[in-house]
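Asker: One structure, as structure tokens, below. Some questions next.
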Amino acid sequence: MGYKILLVDDEADILEFVGFNLKREGFEVYTASNGLEAIEKAREILPHLVLLDVMMPEMDGMQTCKHLREMQELSHTIIVFLSA
């Protein structure tokens with residue numbers, strides 16, 4: 001399939017559960033546990049989709065989204081908020 005998904009959440013259980021199910025469906029899954037790490041990883045892997053938690057340490061999801069949207073190389077990346 002070749003679609004890259006960046007899963008961003010500070011809860012390890014969420015990363016494991018959602019990541020497992022996405023991998024099982026054939027997606028390439030990358031993870032980050034906070035907004036700063038997500039920005040670095042997104043720049044590196046250029047994901048097709050970012051699943052982003054809202055409440056996180058270091059940088060929350062809203063700030064992370066703003067930074068990702070400012071990156072020209074991610075202009076076609078879909079960002080979806082995933083939050084409890």
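Read-outs: derived from the displayed coordinates by stated rules, not from any lab. Computed from a prediction, not measured in an experiment: that's the story for all the values here. Heads up, the Cβs are rebuilt from the backbone with ideal geometry, glycines too, and the neighbour counts pull from every protein chain shown.
Asker: Give, in whole angstrom and from largest to smallest, the semi-axes √(5λ) of the equivalent ellipsoid of the chain, with λ running over the eigenvalues of the Cα gyration tensor. Show your work: numbers first, answer last.
Answerer: Details: eigenvalues 64, 52, 18 Å².
Ellipsoid semi-axes (Å, largest first): 18, 16, 9.
Asker: Mind listing which GluC sites (Glu not before Pro) in segment 1-65 are in a DSSP loop and have 12 or fewer other Cβ atoms within 10 Å?
Answerer: Details: sites: E11, E16, E25, E28, E37, E40, E44, E58; in loops: E11, E25, E58.
Listed in order of number, the matching sites are E25.
Asker: List the chymotrypsin sites (Phe, Trp or Tyr not before Pro) within segment 1-63 that DSSP assigns to loop and that have no more than 16 neighbouring Cβ atoms inside 10 Å.
Answerer: Numbers: sites: Y3, F17, F20, F27, Y30; in loops: Y3, F27.
Counting only loop positions with at most 16 other Cβ atoms within 10 Å, the chymotrypsin sites (Phe, Trp or Tyr not before Pro) in segment 1-63 are Y3.
Asker: What's the local net charge at L74, with K and R +1, D and E -1, over the other residues with C-beta under 13 Å away? Working shown, then result.
Answerer: Working: positive: K4, K41, R43, K66, R69; negative: E40, E44, E70, E73.
Net charge in that neighbourhood comes out at +1.
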